[in-house]
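The values are calculated or read from the model by the stated rules, or taken from the named source; none is laboratory data. Everything numeric here is computed off the predicted structure, so don't read it as measured data. Methodologically, a virtual Cβ is constructed for each residue, glycine included, from the backbone with ideal geometry; neighbour enumeration extends over all protein chains shown.
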Amino acid sequence: MRQLLIDLNYLFLAYFVLVNGFYLLLVILSSREVDRYSRIRAMTEHQGVFATTFYKPVSVIVPAHNEEATIVHTVSSVLAVRYPELEVVVVSDGSTDGTLEELIRAFELVPSSRQVTLDIPCRPIRGLYESPTYPSLRVVDKEQGGKADALNAGINASSFPLVCNIDADSVIDVDSLVHITRPFTRDHRVVAVGGVVMPANGCDIENGEVKKVRAPRNSLARFQTVEYLRAFLFGRIGWSRLNSLMIISGAFAIFRRTAVVEVGGYRTDTVGEDMELVLRMHRIFSDQKRRYRVLFLPDPICWTQVPEDLKSLSKQRRRWQRGLAESLFKNRRLCFNPKYGGVGLLGYPFFVLGELLSPVVELFGYAVVAVGVALNAVDWRLGLAILACAMFLGSILSLSAMYLEARSFQKYPSVRDVIVLSSYALLESFGYRQLHSLWRCLGLVDYLRKRESWGQPRRMAFQRE
Amino acid sequence: MILLFVATVFVQVRKSGPQTRRLHALWSELLPIALQGSRDATSRLRDSLRSRRARRVFHDFLDAELRHRSGYSPFSLRELSRSLGFTAWLEGRMRGSRNLVERAAAAKTLARLQEESARSVALKLLDSGDPAVVLAAGYAVAAFRDPSYLLPVFRAVYDRTPLTLHGAAELLSGFGKESCPVMLGLLQGVVRRLGEGRTSPSLDRQREVAEDDTAAQVVLIDLLAFFHYQPALPTLLALLDLTEDVEVTIHLVKALAKVGDYRAVSKLVELLEHSNWVVRSQSVRALAALGARVACPAIRVLREDGNLAVRTAAEDALRVLEVIPESQTAARLGGTESGPGPEQDLVGGGQVSHDQGD
């Protein structure tokens, strides 16, 4: 028993060193990539005079289910985006609140007789609306089928070669689309590009546009800001650099429409539809021996509302973990399969080990260390060292992300905000991280029990200050 | 961890701290007065540039002033920079810095100040393998407005940096309108070889544009349109007749609308039956921009087009064209119509994607 406890402690330590060591490798890769990107960006002088000539038209799809509090802001933000040829397709997915009515009122929508071609199966469409005042806006009212089904309906109703998905509780920077579509104009192999998503809580948003970026005032939202920076700034950039990017956030992603249609659109039987789609693209296009690329860009930014109460946050994280499990399981053929290159040999196994199982290992590890020390099976100094390693490596990663942000993009211009967020990066190891792991474990339980509930997060209207 | 924390705060303070803002505010106030010859302002500017850090910040400030052409003549800025001793500092940086990017950035600013010393350095740096260096060198070479380097600069920045075509076109626009005859000559070479049905596998890429070089052709077409270079019209129409490249066709259509010549109308009407929807929709937009009311019957047919974007473009165009008086159209049929200024954009339009055809 004593030997087992000691072995488990060392196993726990080895796991943390391995996983965080790999994350540190990603930090190094990302730092180099961000440096290179920033240097090129600093040297590039876009005046915008030719931006209207070299571009691909984009359809922005905004799925909405009971989003009456934020939908008008979101649509206004998309309509305010600087892009030469853009259509906005809002899909009301069986909303039972005033989402559709808000849209009709705000944008003076009228019913349209246009027919929607069903390139991808989706639940029946009840009506299509257009606006004489905003000719680039189209609203689809359909029977409820979930977010994936709403996105499929939006893709069906879109007419342009690129489709960009934005969550109904998000706003995008005015130049985001110009940045995020750039890889498509240079490289015909690019099928999907993801951009950075950041919490909008605390920012001043006016007429659907972020006027001033500020750190959130709510503690939970601050922890999430650090998390988002860590996930996007080095996680995804690093994976993209390794050509093994497996996830593009559903809150802000852009795809080549033909590629999405070719793989059959979003799956409606998973809550992790964004990750599942990217994994399926890797699988199908690699099977077809097609040359394709999935990229991530660090400067197109989308601002989204993050939960500010424990209940909503726990629901969201459980759902994400369940989505991760579903996506990985549905595409398990990728695992350790050399046919799928970096995704099969590196990305997939690491996601299983470092993302899917990490909350279980972490909580189990804490328990094993505590029991080991309590029973005097493990030296308390060793136990403390293991805990410190487990806890502080995470904080170092978060601080690295903050450092990278300050050095490169400086999305948070205020020094005070950077100090506050860096402090939260230090503090997250004491409680928040453990709570987060617990929610993720519950998400895995949900997956195993096949719990289907989506849950509706509590939405607040965007601030206007 | 503490070290990382301190480093983060330090970087943030350094980059966006009050000192940088204070310096920018001071220079924004002093620069116009110094350029008017005020010795006091010049002396205060000189004083503010004592520290190395201030000179680095001033470098960015001056480059932004030159880039945005904020109303100051580069020659008066050159004189001021020389009198501040800043030119000498930049030259030292351009020749002595170990960091290639810093050298290229210094060369770029010096080139914009029309300092001849930067020319040879910029041309040398154009061969670098670092994309940031190539970009800075490209802007520097363009600043000298020597059209013989137009194609080599395009090759360097497009082949060796992630710059998109619109970025490349913006950079090349730095060569100025004077380079239009060279651009036209390059396109005429393409037209000539296409007309003769001759392929040229051993083409000198630094001097000529190949028939299958889509990127170079569309950039040249767009630059000629941007400068509203009317003498290019016959070549653009000839290329439209000969090319089978859809992307080139789309840019030609947009260029014809931008050059604003009514002689393009009949060709544009023909293109309304093109198999690619982007060509059709862009032709509709171009006809609307040219105010070609004669095209209304053909555009009406497109209201039933299989593609939604074409149908929408046709409806929009008809709304514009049907209110134009017949007399105005008849007058235009007689000759050319001068286009709008470069700052106006007549048409939108999409770069073609080969996977979006009907």
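So A:His188 fits all but one of (1) touching a residue at least 12 places away in the same chain (Cβ under 8 Å); (2) at negative phi; (3) of a type outside the set (A, V, I, L, M, F, W, C); what number is the exception?
Failed condition: (1).
Counting only residues that are buried (at least 18 other Cβ atoms within 10 Å of the Cβ) and either outside the structural domain of B:Pro325 (by TED's automatic domain parsing) or not aliphatic (A, V, I, L, M) (or both), how many does region B:275-290 have? Please lay out each step first, then the result.
Filtering region B:275-290 for residues buried (at least 18 other Cβ atoms within 10 Å of the Cβ) gives B:276-290.
Next cut, either outside the structural domain of B:Pro325 (by TED's automatic domain parsing) or not aliphatic (A, V, I, L, M) (or both) only: B:276-277, B:280-283, B:285.
Total satisfying the criteria: 7.
Looking at the structure I just gave you, is A:Leu13 of a type in the set (A, V, I, L, M, F, W, C), in contact (Cβ under 8 Å) with a residue 40 or more places away in the chain and closer than 30 Å to A:Gly383 by Cα? I'd like the intermediate steps shown before the answer.
On the way: of a type in the set (A, V, I, L, M, F, W, C): yes; in contact (Cβ under 8 Å) with a residue 40 or more places away in the chain: yes; closer than 30 Å to A:Gly383 by Cα: yes.
Taking the combined requirement at face value, the residue satisfies it.
For A:Tyr55, all conditions in the list (1) away from chain B (no Cβ under 14 Å); (2) under 23 Å from A:Phe252 (Cα atoms); (3) aromatic (Phe, Trp, Tyr) hold save one; what is the number of the exception?
Result: A:Tyr55 passes all but (1).
Restricting to region A:250-275, name every residue that is within 14 Å of another protein chain (Cβ to nearest Cβ) and either within 15 Å of A:Lys56 (Cβ to Cβ) or basic (Lys, Arg) (or both).
A:Ile254, A:Phe255, A:Arg256, A:Arg257, A:Thr258, A:Ala259, A:Val260
With (1) over 26 Å from A:Leu426 (Cα atoms); (2) away from chain B (no Cβ under 13 Å); (3) surrounded by 22 or more Cβ atoms within 10 Å (Cβ to Cβ) as the list, and A:Phe184 as the residue in question, which single condition is left unmet?
Checking A:Phe184 against (1) over 26 Å from A:Leu426 (Cα atoms); (2) away from chain B (no Cβ under 13 Å); (3) surrounded by 22 or more Cβ atoms within 10 Å (Cβ to Cβ), the one that fails is (2).
Looking at B:Ser73, is it surrounded by 12 or more Cβ atoms within 10 Å (Cβ to Cβ) and either closer than 19 Å to B:Leu23 by Cα or modelled with pLDDT under 90 (or both)? I'd like the intermediate steps shown before the answer.
On the way: surrounded by 12 or more Cβ atoms within 10 Å (Cβ to Cβ): no; either closer than 19 Å to B:Leu23 by Cα or modelled with pLDDT under 90 (or both): yes.
Criteria not met by B:Ser73.
If only one of B:Leu242, B:Leu256 is buried (at least 21 other Cβ atoms within 10 Å of the Cβ) and either in the same structural domain as B:Asp213 (by TED's automatic domain parsing) or touching a residue at least 12 places away in the same chain (Cβ under 8 Å) (or both), which one is it? Don't jump to the end; show me each part of the working.
Details: B:Leu242 fails: buried (at least 21 other Cβ atoms within 10 Å of the Cβ).
Answer to the selection: B:Leu256.
State whether the residues of region A:442-458 include one that is within 14 Å of chain B (Cβ to nearest Cβ), under 25 Å from the mean Cα position of the chain (by Cα), closer than 28 Å to A:Asn201 by Cα and at pLDDT 85 or above.
Quick first cut of region A:442-458, residues within 14 Å of chain B (Cβ to nearest Cβ) only: none.
Within region A:442-458 (the criterion being within 14 Å of chain B (Cβ to nearest Cβ), under 25 Å from the mean Cα position of the chain (by Cα), closer than 28 Å to A:Asn201 by Cα and at pLDDT 85 or above), the answer is no, since none of the residues qualifies.
Can you tell me which residue is nearest to the chain's Cα centre (by Cα) among those in region A:377-413 that are in a loop (DSSP other than H, G, I, E, B) and not hydrophobic (A, V, I, L, M, F, W, C)?
Step one: filter region A:377-413 for residues in a loop (DSSP other than H, G, I, E, B), giving A:377-379, A:408-413.
Those still in the list that are not hydrophobic (A, V, I, L, M, F, W, C) too: A:379, A:408, A:410-413.
Details: A:Asp379: 41, A:Ser408: 21, A:Gln410: 20, A:Lys411: 18, A:Tyr412: 19, A:Pro413: 23 Å.
Filtering region A:377-413 for residues that are in a loop (DSSP other than H, G, I, E, B) and not hydrophobic (A, V, I, L, M, F, W, C), the one nearest to the chain's Cα centre (by Cα) comes out as A:Lys411.
In the list A:Val306, A:Val294, which residue meets the criterion of being in contact (Cβ under 8 Å) with a residue 60 or more places away in the chain, part of a loop (DSSP other than H, G, I, E, B), of a type in the set (Val, Ile, Thr) and buried (at least 20 other Cβ atoms within 10 Å of the Cβ)?
Working: A:Val294 fails: part of a loop (DSSP other than H, G, I, E, B).
When all the criteria are applied, what remains is A:Val306.
Conditions tested, residue by residue: (1) part of a loop (DSSP other than H, G, I, E, B); (2) farther than 24 Å from A:Arg36 by Cα; (3) within 14 Å of chain A (Cβ to nearest Cβ).
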residue: B:Phe75; (1), (2), (3): no, yes, no
residue: B:Arg78; (1), (2), (3): no, yes, no
residue: B:Ser81; (1), (2), (3): no, yes, no
residue: B:Glu91; (1), (2), (3): no, yes, no
residue: B:Met94; (1), (2), (3): no, no, no
residue: B:Val101; (1), (2), (3): no, no, yes
residue: B:Ala104; (1), (2), (3): no, no, yes
residue: B:Thr109; (1), (2), (3): no, no, yes
residue: B:Gln114; (1), (2), (3): yes, yes, no
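If you check every pair at least six apart or on different chains, which have Cβ atoms under 6 Å apart with a residue in region B:206-223 that is within 15 Å of B:Leu252 (Cα to Cα) first and a residue that is part of a loop (DSSP other than H, G, I, E, B) and not charged (D, E, K, R) second?
B:Ala216/B:Val209; B:Asp222/A:Thr53
Give region B:224-234 a look and list any residue that's touching a residue at least 12 places away in the same chain (Cβ under 8 Å), part of a helix (DSSP H, G or I) and either surrounded by fewer than 24 Cβ atoms within 10 Å (Cβ to Cβ) or within 14 Å of chain A (Cβ to nearest Cβ) (or both), or say none.
Initial filter on region B:224-234 (touching a residue at least 12 places away in the same chain (Cβ under 8 Å)): B:224-233.
Then keep just the ones that are part of a helix (DSSP H, G or I); that gives B:224-226, B:230-233.
B:Leu224, B:Ala225, B:Phe226, B:Gln230, B:Pro231, B:Leu233, listed by residue number.
Quick one: B:Glu270 ticks every box in (1) without any contact (Cβ under 8 Å) to a residue 24 or more places away in the chain; (2) among the acidic types (Asp, Glu); (3) in contact with a Ser or Thr (Cβ under 7 Å, 6 or more places away or on another chain) except a single one, so which number is it?
Failed condition: (3).
Tell me yes or no: at least one residue of region B:20-43 is surrounded by 17 or more Cβ atoms within 10 Å (Cβ to Cβ), within 14 Å of another protein chain (Cβ to nearest Cβ) and among the polar types (S, T, N, Q).
yes
Counting just the residues of region A:27-44 that are of a type in the set (Lys, Arg) and within 12 Å of chain B (Cβ to nearest Cβ), which one comes out farthest from the chain's Cα centre (by Cα)? Give the derivation first.
Our first condition is that a residue be of a type in the set (Lys, Arg); within region A:27-44, this holds for A:32, A:36, A:39, A:41.
Okay, now just the ones that are also within 12 Å of chain B (Cβ to nearest Cβ), so A:36, A:39, A:41.
Details: A:Arg36: 23, A:Arg39: 26, A:Arg41: 24 Å.
By that ranking, first place goes to A:Arg39.
I need every pair where a residue in region B:29-44 that is not assigned by TED's automatic domain parsing to the domain that holds B:Leu84 has its Cβ under 9 Å from the Cβ of a residue that is among the aromatic types (Phe, Trp, Tyr), sequence separation at least 6 or different chains.
Going by the 9 Å Cβ cut-off, the qualifying pairs are B:Leu31/B:Phe61; B:Leu31/B:Tyr72; B:Pro32/B:Tyr72; B:Leu35/B:Tyr72.
Suppose we keep only residues that are touching a residue at least 24 places away in the same chain (Cβ under 8 Å) and farther than 21 Å from A:Ile28 by Cα within region A:403-415. Which one would you say is surrounded by the fewest Cβ atoms within 10 Å (Cβ to Cβ)?
A:Pro413
Being within 11 Å of chain B (Cβ to nearest Cβ), within 25 Å of A:Val34 (Cβ to Cβ) and at pLDDT 90 or above is true for just one of A:Leu397, A:Leu393, A:Leu421. Which residue is that? Reasoning before the result, please.
On the way: A:Leu397 fails: at pLDDT 90 or above; A:Leu393 fails: at pLDDT 90 or above.
Answer to the selection: A:Leu421.
Any idea which of B:Ala210, B:Ala169, B:Ala140, B:Ala132 is touching a Ser or Thr at 6+ places or on another chain (Cβ under 9 Å) and more than 27 Å from B:Ala107 (Cα to Cα)? Spell out how you get there, then give the answer.
On the way: B:Ala169 fails: more than 27 Å from B:Ala107 (Cα to Cα); B:Ala140 fails: more than 27 Å from B:Ala107 (Cα to Cα); B:Ala132 fails: more than 27 Å from B:Ala107 (Cα to Cα).
Step by step, each of B:Ala210, B:Ala169, B:Ala140, B:Ala132 is checked, and only B:Ala210 is touching a Ser or Thr at 6+ places or on another chain (Cβ under 9 Å) and more than 27 Å from B:Ala107 (Cα to Cα).
In region A:82-106, what count of residues is obtained for those that are outside any helix (DSSP H, G or I) and away from chain B (no Cβ under 14 Å)? Break it down stepwise before answering.
As a first pass, look at region A:82-106 and keep what is outside any helix (DSSP H, G or I): A:82-98.
Those left that are additionally away from chain B (no Cβ under 14 Å): A:90-98.
Total meeting the criteria: 9.
Between B:Glu170, B:Glu116, B:Glu102, which is closer than 30 Å to B:Ala225 by Cβ, of a type in the set (Asp, Glu), without any contact (Cβ under 8 Å) to a residue 12 or more places away in the chain and not assigned by TED's automatic domain parsing to the domain that holds B:His251? Break it down into steps so the answer makes sense when it comes.
Numbers: B:Glu116 fails: closer than 30 Å to B:Ala225 by Cβ; B:Glu102 fails: closer than 30 Å to B:Ala225 by Cβ.
Residue meeting the stated conditions: B:Glu170.
Any residue in region A:104-118 that is without any contact (Cβ under 8 Å) to a residue 60 or more places away in the chain and in the same structural domain as A:Ile155 (by TED's automatic domain parsing) sitting within a Cβ distance under 9 Å of a residue that is among the aromatic types (Phe, Trp, Tyr) and assigned to a strand (DSSP E or B)? List the pairs, counting only those 6 or more apart or interchain.
These pairs meet every condition: A:Ile104/A:Tyr129; A:Phe107/A:Tyr129; A:Leu109/A:Tyr129; A:Val110/A:Tyr129; A:Pro111/A:Tyr129; A:Ser112/A:Tyr129.
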